[in-house]
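Working notes, structure below.
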Amino acid sequence: MTLKDLWMLYEADKRILGFSTHTMKAYFLQLKMLVRELGDLEIEEISLNLLKDYFARVSERLKPSSLGHRIRFVRSLFRFAFEEGHITRNPSLKLREPKMDKRIPKFLIEEDVIHLKITCRSHREHALLEFLYCTGCRVGEVQKINIEDVNWENCSAIVNGKGSKQREVYFTTECKVWLKRYLESREDTCKALFVTETNPTRRLTIPTIRWSLKKLAQRGKISTNVYPHRFRHTYACQLLDNGAPLEFIQGMLGHEKASTTQIYAQLRGERRRELYRRYF
């Protein structure tokens with residue numbers, strides 16, 4: 001069995017487990033790069049030293065985080081091969097990820113958020129900005145949400161997170177007002193909460209959401225890099241500032257592991273430093 005043959009089995013297994021299309025595309029790209037470097041080898045021929053040599057070569061042109069992604073994929077691929085009985089030994093068992101500095105998530109300060117709100121010109125811009133800001137949703141979650149997923153009475157919505165796991169998120173009355181105005185301005189029958197302006201029968205795409213925020217930032221002359229995930233960090237920061245415990249924030253963000261949420265504990269001090277540098 002070659003690497004490409006193994007991929008066919010691996011991909012089918014992960015799709016059954018509910019892995020997203022975006023995740024599988026990323027995994028397939030990792031597989032293509034592995035095959036490009038090593039060739040479509042028989043998997044029994046692949047040794048730990050061969051894998052280490054491969055990662056040593058690519059590490060010269062990759063960031064530690066990108067290298068870590070590649071190593072995690074290779075470990076997952078060969079763990080699957082071993083557990084399914086396609087190989088008698090797992091050559092990736094002793095592969096270790098590179099050490100990485102802990103990066104503090106970047107957030108938006110209140111002044112930037114206010115500028116972005118003032119800059120909005122359309123109902124969709126207002127609704128999208130408010131929803132990202134007050135729910136802490138991932139951009140993929142926002143892109144997939146349907147109108148029927150929204151509970152207007154409770155100001156809440158059901159979103160599909162990573163691994164097809166659903167959770168309830170909440171939004172403010174201000175966000176509800178803009179969502180209602182946006183939906184009332186539409187004449188289409190598309191079930192998506194956010195649709196494209198040029199063709200309202202189509203769901204808004206992730207690249208368009210990113211582009212819309214960039215356009216808002218440029219229009220408002222905001223020097224800070226504005227992107228969807230930065231609103232998620234800002235949301236966590238706001239909850240911390242208001243005294244929310246990390247366990248609550250973990251549930252609101254849909255983090256499976258508490259360790260993922262722990263990094264936000266560093267935001268409290270970093271936020272103070274950012275405000276000091278900005279205003280002193």
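The values are calculated or read from the model by the stated rules, or taken from the named source; none is laboratory data. Computed from a prediction, not measured in an experiment: that's the story for all the values here. Please note: Cβ atoms are built from the backbone with ideal geometry, for glycine as well, and neighbour counts cover all protein chains shown.
Observations, loosely collected:
- Hits in region 186-225 (condition: at pLDDT 90 or above, in contact with an Asp or Glu (Cβ under 8 Å, 6 or more places away or on another chain) and not small (G, A, S)): K191, L193, V195, L216
- Counted as qualifying within region 48-131 are the helices (runs of 4 or more DSSP H) with 3 or more residues that are surrounded by 16 or more Cβ atoms within 10 Å (Cβ to Cβ) and either small (G, A, S) or not assigned by TED's automatic domain parsing to the domain that holds K176 (or both), namely 48-58, 64-83.
- Selected residue [charged (D, E, K, R), within 22 Å of L183 (Cβ to Cβ) and over 21 Å from the mean Cα position of the chain (by Cα)] from R75, R121, R79, R89: R121
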